[in-house]
Amino acid sequence: MTEEEIQKILKSLDHSWFADFRSAVLIHVLLDSFGRIGEVLALKKQDIDFQNGSITFNETKNSLFRIVPVTKKTLNFLEKLIEECDDWESEYIFLTHAGNKLGTDAARKHIHEIARRAEINRRIHPHIFRHTSSMMFLKNGGSIRILQKILGHADIKTTLIYSHVLDDTIKEQHEKFSPIRHLNDGRKQKTRTSQTEFKRRT
């Protein structure tokens with residue numbers, strides 16, 4: 001996704017409605033944590049470390065827990081959602097209107113509807129936020145080794161599917177910061193004399 005598409009989706013959400021606010025929090029967590037939808041929906045209140053600014057994914061694809069840092073903005077959203085759902089006394093964070101744990105199918109449906117409402121004319125699904133975050137992370141100068149840890153990939157080869165972004169970023173950075181572009185010896189460039197003309201002069 002592009003940054004413009006993400007902004008359109010977020011701006012289309014009405015935070016005065018519970019479902020829209022919950023979706024806003026969900027999208028922020030997906031983008032900030034690089035988490036899979038199942039991992040995010042399985043988050044419990046005890047998994048959020050507000051003091052150290054991190055969340056712990058306990059229900060992961062490889063069954064290994066993973067601690068991921070998140071921003072203050074995302075933590076504030078999570079805190080407000082937890083307060084909003086406090087009456088249900090559930091250990092989970094993302095709940096339905098009835099106070100039950102929000103399922104992956106329902107979350108996918110909501111995100112699809114939100115994207116349609118925001119007039120995003122292509123299929124938007126939860127996993128696309130994980131891909132988008134990964135590409136933006138590398139494009140902004142993040143390390144692919146750190147990305148591997150954030151994504152929870154056991155093998156770096158899995159993370160290397162994003163290496164094309166890294167290659168493009170290297171090219172862009174080289175074009176912008178190559179020392180040759182910044183060298184100036186003060187001499188005017190002259191047209192090279194042809195070999196024939198050079199011989200004639202000598």
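Tabulated data
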quantity	calculated
Among (1) in contact (Cβ under 8 Å) with a residue 60 or more places away in the chain; (2) in contact with a strand residue (DSSP E or B) (Cβ under 7 Å, 6 or more places away or on another chain); (3) of a type in the set (Phe, Trp, Tyr); (4) surrounded by fewer than 18 Cβ atoms within 10 Å (Cβ to Cβ), the one test that PHE57 misses	(4)
Breaking point among (1) closer than 26 Å to ILE9 by Cβ; (2) at pLDDT 90 or above; (3) of a type in the set (S, T, N, Q), for GLN148	(1)
Residues that are buried (at least 18 other Cβ atoms within 10 Å of the Cβ), out of contact with any Gly (no Cβ under 8 Å at 6 or more places or on another chain) and assigned to a helix (DSSP H, G or I), drawn from the range 122-134	PHE129, THR132, SER133, SER134
Yes/no for GLU113 being part of a helix (DSSP H, G or I) and more than 17 Å from the chain's Cα centre (by Cα)	yes
The range 74-110 - residue that is in a helix (DSSP H, G or I) and more than 26 Å from the chain's Cα centre (by Cα) and, of those, surrounded by the most Cβ atoms within 10 Å (Cβ to Cβ)	TRP88
Inter-residue pairs, beta-carbon under 9 Å, first closer than 16 Å to ASP105 by Cβ and in the range 122-137, second assigned to a loop (DSSP other than H, G, I, E, B) and not aliphatic (A, V, I, L, M), 6+ apart	PRO126/ARG36; HIS127/ARG36
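The values are calculated or read from the model by the stated rules, or taken from the named source; none is laboratory data. As the structure is a computational prediction, the values presented were derived from the model and not from experiment. Virtual Cβ from ideal backbone geometry, glycine too; neighbours counted across all protein chains shown.
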